[in-house]
Amino acid sequence: MAPGSLLLPYLDQIEQKRKRSAVIEGELIFRCASSLCEEGNYERSLNYLDEAITRDPDNINRYLFFKAVCLAKTGQLSASMNLWKELKDDFHQSVLSHFIERNRSLPRMLPSDPPIEKSRLKLLQKKPGFDSLAA
């Protein structure tokens, strides 16, 4: 057995730990970005989101979703629209199209709800009584 082949199992373990570390780093950076966004500090939030994308590219869609929201809140509607297109999010594209076509920016005072990712929204829709909310 070649000496290098003895190291292969350890290399796999190291690689797994590195991946976990990237996910944890990405999550922590994402939470900082989220907090900054809620405070209205969108530019710094965007910087943190770019860092999260760099550190944890496996969760890029999550970070791009939030980045699109921050871009829209800073008035960068075209850049936000490009991300919604990349994410294939027809709903947010149609909302932004409404403002872009009328040459208007988003209202300054938006509710301070954190953006809801599609997976969480789908879970909400599955809850009993959800349909009665629209009635």
key: Theoretical gain in end-to-end length, VAL95 to THR74 [0.36 nm per residue, Cα-Cα removed]   = 6.0 nm
note = Taking R0 as 22 Å and r as the Cβ-Cβ distance between SER105 and ARG31, the FRET efficiency 1/(1 + (r/R0)^6), rounded to the nearest 0.05, comes to 0.20
query = Can you work out D for the range 63-108 in µm² s⁻¹ from Stokes-Einstein, where Rh is the Kirkwood radius over C-alpha pairs, the temperature is 4 °C and the viscosity is 1.567 mPa s?
reply = 127 µm²/s
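A short reminder: the numbers here are calculations on the coordinates, not readings from a lab. Keep in mind it's a predicted model, so treat the numbers as computed, not measured. Don't worry about glycine lacking a Cβ; one is built from the backbone with ideal geometry, like all the others, and counts go over all protein chains shown.
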